[in-house]
Structure formats: C-alpha cells, structure tokens
Amino acid sequence: MSNQELINIFKRYCIKTSEMSFFINIKKSKEYSNTEVVGLYDSLLNYFKDVDFRRFNEEELVQLGFSYWDEELLLASPLLLSLIKDGTVLTTINGDKETVGVDKMSFDSRFGASAYGFTIPELRDYKIGKVIE
C-alpha cells in the first residue's frame with residue numbers, strides 16, 4: 001500500500017472516530033457503541049501493523065499528525081505512537097533512544113504530541129540505507 005493510501009486511511013479513521021464521539025457524547029445517540037469504536041481502531045491497527053513509519057518522508061509524517069518539537073525532531077501523537085511497530089527505536093524530547101515494545105513508554109501528551117518521535121537525520125539515514133540495500 002502506498003504512503004498516500006495509508007495517510008488517507010488514517011485521516012478517514014480520525015474523521016470517523018470524531019463523528020462517532022460526537023454522536024455518542026454530544027447527541028447521546030445509541031447509533032454507535034464503544035464496541036464499534038474499538039472495532040474501527042482494530043481495523044486501523046491491521047492496516048498499520050507491518051508499516052515502518054520511517055518509510056514516510058517529513059511532509060507525510062506531518063500529514064499523519066506528527067508535530068515538530070524543534071527543527072530536528074518530529075513527535076508522534078499518542079494514537080500514532082500506538083501504531084508504531086515493536087522494535088522501532090524512537091528519540092525522546094530529551095534526546096534519549098527508546099524502543100517500542102521494549103522500553104516502558106508513556107502515552108501522556110502535551111498539545112497533542114507524545115515525547116517520542118523521529119529525528120530528521122534518522123529519517124534520511126533510513127532512506128539512504130534502503131537505497132543501498
């Protein structure tokens with residue numbers, strides 16, 4: 001699946017969950033249930049289960065919802081963090097390296113971003129390595 005297709009799937013997921021939340025919480029509608037929300041999330045997990053987020057370029061990560069911490073670090077939202085596959089090494093806002101599925105990671109967020117993400121040089125190095133392979 002192409003990067004743009006994955007971005008579109010993620011955006012549609014966000015729109016659909018916002019709509020569900022509106023109907024469940026604001027309209028007190030029984031049209032959607034928590035089971036349907038969980039099912040939608042499980043479907044999203046299925047699309048992203050084998051995706052290495054380093055395949056996306058800087059602009060695509062921003063389209064997905066990554067946020068700049070500074071000019072070198074793009075932070076994942078807690079939702080995006082939950083989609084990053086185990087074994088992926090991320091950089092923290094303190095410059096430390098932590099591995100998804102190995103290190104205990106916090107899903108706390110500030111302004112919609114977690115404390116974990118990719119540095120721009122890491123993304124470049126990954127792509128260079130893929131070309132060399």
Select, from Ser109, Ser21, Ser33, the only residue that is more than 23 Å from Asp125 (Cα to Cα), in the same structural domain as Glu122 (by TED's automatic domain parsing) and of a type in the set (S, T, N, Q).
Ser109
Can you tell me which residue in region 44-69 is farthest from Lys11 (Cα to Cα), limited to those that are touching a strand residue (DSSP E or B) at 6+ places or on another chain (Cβ under 8 Å), surrounded by 15 or more Cβ atoms within 10 Å (Cβ to Cβ) and of a type in the set (A, V, I, L, M, F, W, C)?
Trp69
What are the residues in region 27-48 that are modelled with pLDDT under 85 and either out of contact with any Asp or Glu (no Cβ under 9 Å at 6 or more places or on another chain) or in a helix (DSSP H, G or I) (or both), if any?
Lys27, Lys28, Ser29, Lys30, Glu31, Ser33, Asn34, Thr35, Glu36, Val37, Val38
Spans of strands (runs of 3 or more DSSP E) in region 54-133 with at least 2 residues free of Cβ contacts under 8 Å to residues at least 40 places away in the same chain and of a type in the set (S, T, N, Q)
89-92
With the structure loaded, tell me whether Ser82 is touching a Pro at 6+ places or on another chain (Cβ under 7 Å) and surrounded by 13 or more Cβ atoms within 10 Å (Cβ to Cβ) or whether it fails that test.
no
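The values are calculated or read from the model by the stated rules, or taken from the named source; none is laboratory data. Only a predicted model underlies this, so the values are computations on that prediction, with no experimental measurement involved. Counting neighbours? That spans all protein chains shown, and the Cβs are built from the backbone with ideal geometry, glycine included.
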